[in-house]
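Only one structure is covered here, and it is reproduced in the block below.
Laboratory data are not the source of any read-out in this text; all were calculated from the coordinates shown. The structure displayed is predicted, hence computed values, not measured ones. Neighbour counts are summed over all protein chains in view; Cβ atoms, including those assigned to glycine, are modelled from backbone coordinates with ideal geometry.
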Amino acid sequence: MRRYFSILLILLSLPLASRAQERDWGSVSGSFESNSILYMEDPVVGKNKNPYGSNNYLKVDWLRGNLSAGLAAEYYPEPLSGYPEALKGAALTGLYAAWNPGLFEVRAGSFYEQIGSGLLLRSWEDRELGINNPLVGGNIAFRTKNNGLRLRILGGAPLYCLRLSDTFISAGDVSIDIPSIFGVESPHSFRIEGSIMDRTVRSQEENISLLASSAGFTLPSNILSWSGRLQYSYSGLSLKAEYVGKGADFTAEHLKGGREKYDLRGGSAALAEINYAIGSFSVSALYRRLENMYSPIFQTTGSRIPANTLNYLPSLCMQQTYLLAGLNPYVTYADGESGFQGDIYYSFKKGTALGGKYGMKFHVGGSWIDALPSALPNRDTPYLAYRDINIDLEKVWSRKFRTVFFVSIQENSPTHGNRKATDAQNVFVVDGLYKFTKKVAARLELQYLYSEELTKDWMAAVAEVTFAPHWSISFSDMYNHGSTGNHYYQGGVAYSLSGLNVSLNFGRTREGYVCSGGVCRWQPAYKGANLRIQWAF
Amino acid sequence: MKKLVFTFVAALLSIGAFAQQLPSVKLQDISGKPINSSSLIDGKTPFVVSMWMTTCKPCLKELDTISEGYPDWDGPQPLRIYAVSIDDSRSFSRAVALAQGRDWEGIVPLFDVNSDFKRALNVSSVPQVFLFDKKGKLVYTHIGYRPGDEEVLLDEVRKSMGK
């Protein structure tokens with residue numbers, strides 16, 4: 001650790017050095033985040049295993065002209081509840097140097113990368129999910145001046161829970177814009193892209209090797225995957241298509257009676273997307289099919305957690321933000337599903353009959369997802385996996401008062417469509433904001449969830465008073481009056497100043513999925529006081 | 001160890017005195033065409049960068065209120081505002097549809113599909129707004145949104161224009 005701090009000190013001292021010598025040593029920026037919870041015993045949610053948890057992140061970057069360098073470090077004296085235990089400890093999670101003279105970029109050390117829409121490869125950081133899987137190696141990118149041709153090659157070992165994994169990723173990616181490469185000025189853009197990726201696994205978990213040998217096959221040390229993509233855009237229209245083929249890898253096939261059959265199988269994914277906009281009207285529609293697309297850093301007999309992942313498979317439905325609408329979210333079934341998602345947005349102009357003096361915004365969106373029969377034990381009669389429809393209407397009544405009306409009708413199969421039974425829930429929300437003065441405002445959310453399944457009916461309220469630009473105070477309560485009679489309450493205060501944001505919350509949190517960007521992790525219930533500090537400098 | 005921690009904190013605090021430069025990072029415009037963030041610097045006027053995403057309600061509220069106040073802008077120079085979405089490429093189309101459907105007046109939507117800009121600016125949560133001067137030096141930033149923050153931001157823009 002001392003060594004890491006020494007490197008950090010050298011980087012942090014650069015601005016001081018620049019002042020002393022009056023030379024341009026570039027600029028240093030960074031961020032620090034600390035998220036700590038003191039857990040308390042509670043008759044409803046019980047006692048947390050550890051009395052406290054604390055996740056801490058530091059990132060420092062240096063930039064001078066086309067040169068940059070930086071580092072990132074994480075420290076978990078005890079990881080927060082719901083995060084992998086393997087995170088415990090401290091480590092340097094990023095260290096890089098990069099040169100970007102314009103048409104090409106060379107980067108050595110740790111880097112994040114995404115190919116296409118992430119179906120093939122995505123290394124990224126999401127602190128809500130406990131994901132931080134940068135590749136540690138090198139990355140070279142080149143593009144022609146008019147962006148007609150873009151090339152990228154990369155290689156590196158992904159980080160898993162603070163440690164370098166025994167997996168090595170190498171990939172190449174090419175992107176060609178047809179009009180540009182022939183030097184044609186065109187309002188049409190037509191791009192063809194292709195990628196290839198190899199995942200080399202240096203060592204396997206012993207249990208996986210045993211399962212493979214008992215099933216009569218040897219685990220491959222190289223898994224080759226590829227993707228092809230097409231993009232077209234003209235004026236307000238854009239079309240996108242992507243296909244991914246995944247090389248054969250260890251697979252646990254689900255059979256009737258809870259049995260599993262171990263096999264070497266490849267996977268595939270297909271995605272098609274259309275987006276059209278004219279004026280303040282826009283529509284987007286997306287179809288996606290996944291078959292055996294779970295792509296971990298390393299195969300394990302343990303549970304699938306977001307930290308052990310190399311691609312991006314977000315759920316194909318609206319990412320809910322209201323408390324009750326996000327109570328039972330749909331989680332992507334990477335073994336096999338196909339689905340559709342569509343959204344329509346429209347802004348009623350000011351001065352029209354529906355827009356009134358200040359305008360009104362309308363959104364309707366929905367999704368429908370079915371599991372692939374081949375991914376279910378009950379292969380003959382697959383049922384619905386998930387569907388929803390969401391409508392929200394935002395109306396500005398005056399400079400002081402605005403409201404949101406939101407309805408979400410959801411039907412989720414707990415078995416991903418293996419059985420007919422589904423859990424249906426209808427959520428209704430009224431959200432109002434009133435500005436008392438230029439800088440003092442109050443917001444009130446009232447929510448109701450109607451359901452005849454699971455824990456039946458819920459109601460919730462959120463009240464928030466804000467004093468711009470520094471203070472806010474909020475209270476919320478979710479009450480399950482249909483079944484358990486439990487309250488899940490939160491109260492908090494937050495302060496912001498420039499790049500600093502500090503919040504202190506106290507309350508009871510229900511167990512369930514926490515989702516970010518359509519990817520979810522399991523969060524056990526807890527009661528506690530949460531101090532969160534975010535500082536960007 | 002205590003000495004080391006003290007020096008570390010002192011060095012960290014010293015950073016606040018130095019202006020951050022707008023990083024040069026690849027973004028996408030609303031048609032998906034690549035654009036370099038450094039092209040936002042025109043050498044004449046300061047500009048605002050607001051980091052947002054489709055699932056962040058405070059971000060949308062902030063951009064709505066800035067847009068609603070745009071026709072009333074009375075500063076000495078034109079107001080330049082860029083709304084940079086940090087939605088990943090899977091949500092890119094949805095972010096484009098949302099940005100167009102919300103009809104933000106005076107705001108140019110840009111897209112940071114691989115989070116490169118977000119990382120370069122060290123954004124850990126959204127919304128976060130940045131005000132850069134005409135040379136691309138950071139002069140103001142604010143994390144989170146409370147109704148009324150837009151008034152403070154526009155005051156800062158006026159100040160940076162010398163009014």
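Structure above, values below:
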{"item": "Violating pairs (Cα-Cα greater than 25 angstrom) within the set A:Lys361/A:Lys438; A:Lys240/B:Lys26; A:Lys527/B:Lys118; A:Lys357/A:Lys435; A:Lys438/B:Lys134; A:Lys59/B:Lys134", "result": "A:Lys527/B:Lys118; A:Lys438/B:Lys134; A:Lys59/B:Lys134"}
{"item": "In Hz, Karplus ³J(HN,Hα) per residue of the stretch A:30-36 (6.51, -1.76, 1.60; θ = phi - 60°; x = Gly, Pro)", "result": "x, 8, 10, 9, 10, 10, 10"}
{"item": "The stretch A:264-305: trypsin sites (Lys or Arg not before Pro) in DSSP coil with no more than 15 other Cβ atoms inside 10 Å", "result": "A:Arg304"}
{"item": "Separation of alpha-carbon centers, the stretch A:41-85 and the stretch A:242-280, rounded to whole Å", "result": "32"}
{"item": "Using distinct alpha-carbon pairs, which all enter the 1/r mean, Kirkwood radius of the stretch A:429-470 in Å", "result": "12.0"}
{"item": "Point-to-point label distance, A:Tyr495-A:Tyr434, nm (Cα→Cβ direction, 7 Å offset)", "result": "2.9"}
{"item": "Dipole in debye (nearest 20) - the stretch A:374-431, about Cα centre, beta carbon charges: Lys, Arg +1; Asp, Glu -1", "result": "180"}
{"item": "Rg followed by Dmax, in Å, when the stretch A:338-496 is reduced to its Cα trace", "result": "20.0, 63"}
{"item": "Rounded D (µm²/s) - the stretch A:278-387, Kirkwood Rh over Cα pairs, Stokes-Einstein at 4 °C, 1.567 mPa s", "result": "77"}
{"item": "Chain lengthening between A:Glu452 and A:Lys400 when straightened (0.36 nm per residue, less Cα-Cα)", "result": "14.9 nm"}
{"item": "Calculated FRET efficiency for the pair A:Asn50/A:Leu224, C-beta based, R₀ 60 Å, to 0.05", "result": "0.90"}
{"item": "Average beta-carbon neighbours from other chains, 10 Å sphere, peptide A:114-126", "result": "3"}
{"item": "Pairwise label distance in nanometres, A:Arg304 with A:Thr321, each label 7 Å out on the Cα-Cβ vector", "result": "2.8"}
{"item": "Gain in span if fully extended, A:Ser213 to A:Ala529, counting 0.36 nm per residue against the direct Cα distance", "result": "108.9 nm"}
{"item": "Listed residues A:Ser338, A:Tyr312, A:Ala353: farthest to the positive end of the dipole of the stretch A:260-370 (Cβ charges)", "result": "A:Ala353"}
{"item": "The stretch A:319-392-the stretch B:131-152 distance, computed between alpha-carbon centres (Å)", "result": "34"}
{"item": "Cα-based shape type of the stretch B:109-163, given that a ≥ b ≥ c are square roots of the gyration tensor eigenvalues and the cut on a/c is 1.5", "result": "oblate"}
{"item": "Footprinting exposure proxy for A:Glu185, A:Glu452 (fewest neighbouring C-beta atoms within 10 Å first)", "result": "A:Glu185, A:Glu452"}
{"item": "Ranking of A:Tyr358, B:Tyr145, A:Tyr488 by count of other Cβ atoms within 10 Å, fewest first", "result": "A:Tyr358, A:Tyr488, B:Tyr145"}
{"item": "Scattering curve values for the protein assembly as shown, log₁₀ I(q)/I(0), Debye with Cα scatterers, q = 0.08, 0.10, 0.11 Å⁻¹", "result": "-0.63, -1.05, -1.33"}
{"item": "Lys/Arg +1, Asp/Glu -1 at C-beta; the stretch A:156-279 dipole; positive extreme among A:Leu164, A:Pro179, A:Ala270", "result": "A:Ala270"}
{"item": "HN-Hα J in Hz across the stretch A:128-140 - Karplus 6.51, -1.76, 1.60, θ = phi - 60°, x for Gly and Pro", "result": "5, 9, x, 9, 7, 10, x, 8, 10, x, x, 8, 10"}
{"item": "Per-residue HN-Hα couplings for the stretch B:69-75 [Karplus 6.51, -1.76, 1.60; θ = phi - 60°; Hz; x = Gly/Pro]", "result": "x, 4, x, 8, 4, 10, x"}
{"item": "Residues A:Ile192 and A:Val106, FRET efficiency given R0 of 22 Å [Cβ-Cβ distance, rounded to 0.05]", "result": "0.30"}
{"item": "Farthest positive-ward along the protein assembly as shown dipole, Cα basis, beta-carbon charges - from A:Ser295, A:Trp99, A:Pro524", "result": "A:Trp99"}
{"item": "Stokes-Einstein translational diffusion, the stretch B:25-163 - Kirkwood Rh over all Cα pairs, 1.567 mPa s, 4 °C, in µm²/s", "result": "87"}
{"item": "Longest to shortest principal axis, alpha-carbon extents of the stretch A:357-400, angstrom", "result": "57, 13, 11"}
{"item": "Cross-link partners of A:Lys261 among lysines (Cα-Cα below 21 Å; sequence separation of 8 or more within a chain)", "result": "A:Lys246"}
{"item": "Spatial extent of the stretch A:230-306: Rg and Dmax, with the Cα atoms as the point set, Å", "result": "18.3, 55"}
{"item": "A:Ser268-A:Ala463 pseudo-label distance in nm [points 7 Å out on the Cα-to-Cβ vector]", "result": "5.7"}
{"item": "Estimated FRET transfer efficiency when R0 is 51 angstrom, pair A:Arg379-A:Ala353 (beta carbons, to 0.05)", "result": "0.45"}
